[in-house]
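Written out below as structure tokens is the structure these notes cover.
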Amino acid sequence: MATSPSGNWVAAALEPEGDEGAIILLYDTITHQQKFRLEGHHSGVRGLWASPDGCLLVSAGLSLDMPLVLWDAATGELVAVGQQADCPTALPQ
């Protein structure tokens with residue numbers, strides 16, 4: 001789970017069921033409404049982090065060979081995909 005520094009949104013990852021990948025739900029904490037359903041991990045999600053300005057959500061797959069995904073928290077758009085193996089010490093365990 002991750003919360004924006006301003007507290008305006010919260011994100012939670014749901015574990016995959018069957019052949020589906022993990023799903024990340026981003027909620028608006030002011031309206032109490034789901035803003036986005038984010039799909040981009042083929043397995044579970046290891047962790048979620050908010051950028052210091054709250055503009056980005058970072059999600060990491062379960063293993064080091066799974067991607068780091070950057071999401072735009074305002075639009076729900078996928079911004080970039082990288083590999084955890086490129087920066088394993090940057091992620092909290």
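Computed values, structure above
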| quantity | calculated |
| --- | --- |
| Ordering of 39-45, 16-22, 54-60 by packing [mean C-beta count within 10 Å, highest first] | 54-60, 39-45, 16-22 |
| Estimated distance in nm for a label pair at GLN83 and ASN8, the labels positioned 7 Å out from Cα along Cα-to-Cβ | 3.5 nm |
| Extension gain (nm, one decimal) between GLU20 and HIS42, 0.36 nm per residue minus Cα-Cα | 7.2 nm |
| For ARG46, residues with placed amide H under 5 Å, excluding near neighbours | ALA60, GLY61, LEU62 |
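No value in this document is a laboratory result; all are computed from the given coordinates. The shown structure was predicted, so the numbers you read here are calculated from the model rather than taken from an experiment. When we count neighbours, we look across all protein chains shown, and the Cβ atoms used for this are built from the backbone with ideal geometry, even at glycine.
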